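The values are calculated or read from the model by the stated rules, or taken from the named source; none is laboratory data. Fair warning: this is a prediction, and the values are worked out from it, not measured in the lab. Cβ coordinates were reconstructed from backbone atoms using ideal geometry, including for glycine residues, and neighbour counts include every protein chain displayed. Accessible surface is based on the protein model in full, side chains and every heavy atom, while ligands, DNA and RNA are left aside. Shrake-Rupley method; radii C 1.70, N 1.55, O 1.52, S 1.80 Å.
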Amino acid sequence: MPDTPSTSATIAAVRGWLFDLDGVLTPTATVHMHAWARLFTPYLEQHGAAPYTDADYFAYIDGKPRYDGVRSLLESRDIHLPEGEVTDAPNQPSGDETVRGLGNRKNAAFNETLAEEGVAAYPASVAFLDAVQQHGCLVAVVSSSKNAPSVLAAAGLADRFEVVVDGAVAAREGLPGKPAPDTFLRAAEQLGLEPGECAVVEDAESGVRAGAAGGFAHVVGVDRGVGRGTLERLGADIVVDELDELIPLLTTTRESTA
């Protein structure tokens with residue numbers, strides 16, 4: 001991890017940390033990946049389309065609101081469905097399928113897996129969360145998922161975040177999802193901070209793009225499979241494998257600027 005003067009100065013100035021959830025704080029990205037694969041592997045086969053792969057998850061789905069992910073993946077295969085309603089049943093006859101019905105099917109699979117297997121936070125991410133809170137920084141979760149509260153509760157992190165801007169909040173307030181920066185900007189506002197006082201922490205392509213577009217002090221990319229080069233190209237100022245790599249830099253820069 002590079003420790004340059006500009007990086008140190010930016011980290012030292014951060015007053016609020018805006019964390020993505022899936023893939024940053026918790027390994028629920030894996031649960032999401034499995035749920036998407038269970039949805040699209042048979043679906044694409046039934047429609048004679050190119051098979052679903054993990055690369056499709058990173059290119060078309062990762063970090064986006066659920067229905068946007070469905071729509072993006074289908075468009076990559078030149079499949080176009082009616083949008084439907086949020087109340088569409090997960091399992092409809094093939095002629096009655098909608099974007100939202102497929103999204104609801106994926107969500108049901110995700111919740112079943114979460115209930116069966118639970119989830120534990122990444123230890124390195126919890127260590128970094130401890131460090132920034134001990135230094136008086138404010139924290140928020142910004143997630144495209146509408147399941148963020150249940151995931152935080154399952155991981156034992158619910159009491160750590162007073163501000164959670166998730167898919168449900170975005171829908172209620174009419175905020176566009178990632179890669180637009182609006183949900184991160186809303187979280188900064190709820191913390192009472194300006195974007196330039198906050199850092200975004202993301203593992204997804206769309207999330208890093210959102211952070212880069214929002215005028216934030218720093219965009220930290222966590223490489224969970226997208227690739228260091230891709231995250232840097234999309235706007236990450238620094239890329240780490242685990243968040244605890246930042247703890248020495250945080251401590252050093254705080255002490256040196258005290």
Neighbourhood charge, 14 Å Cβ-Cβ cut-off, centred on residue 33 and excluding it, Lys, Arg +1 and Asp, Glu -1: -1
Cα centroid of segment 113-133 to Cα centroid of segment 140-198, whole Å: 16
Spacing of the two label points (7 Å from each Cα toward its C-beta) at residue 172 and residue 76, in nm: 3.2
Local net charge near residue 217, Cβ-Cβ under 11 Å (Lys/Arg +1, Asp/Glu -1): -2
Debye, to nearest 20: dipole size of segment 28-136, +1 on Lys, Arg Cβ, -1 on Asp, Glu Cβ: 100
Rounded accessible area per residue of the chain, 1.4 Å, Å²: 42
Among (i) 0.96; (ii) 1.02; (iii) 1.45, the entry derived from the coordinates for Cα Rg over 2.2 N^0.38 Å: (ii)
Share of carbon and sulfur in the accessible heavy-atom surface of the chain [1.4 Å probe, %]: 50
FRET E, pair residue 111, residue 228, Förster distance 35 Å, beta-carbon r, rounded to 0.05: 0.60
Computed [θ] at 222 nm, helices only, for the chain once each DSSP H run of length n ≥ 4 contributes -39500 (n - 2.57): -14000 deg cm²/dmol
Cβ-placed point charges (K, R +1; D, E -1), dipole of the chain about Cα centre in debye, nearest 20: 280
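Tell me, what is the percent relative contact order of the chain, built from C-alpha pairs under 8 Å that lie six or more residues apart?
Relative CO of the chain lands at 26 percent.
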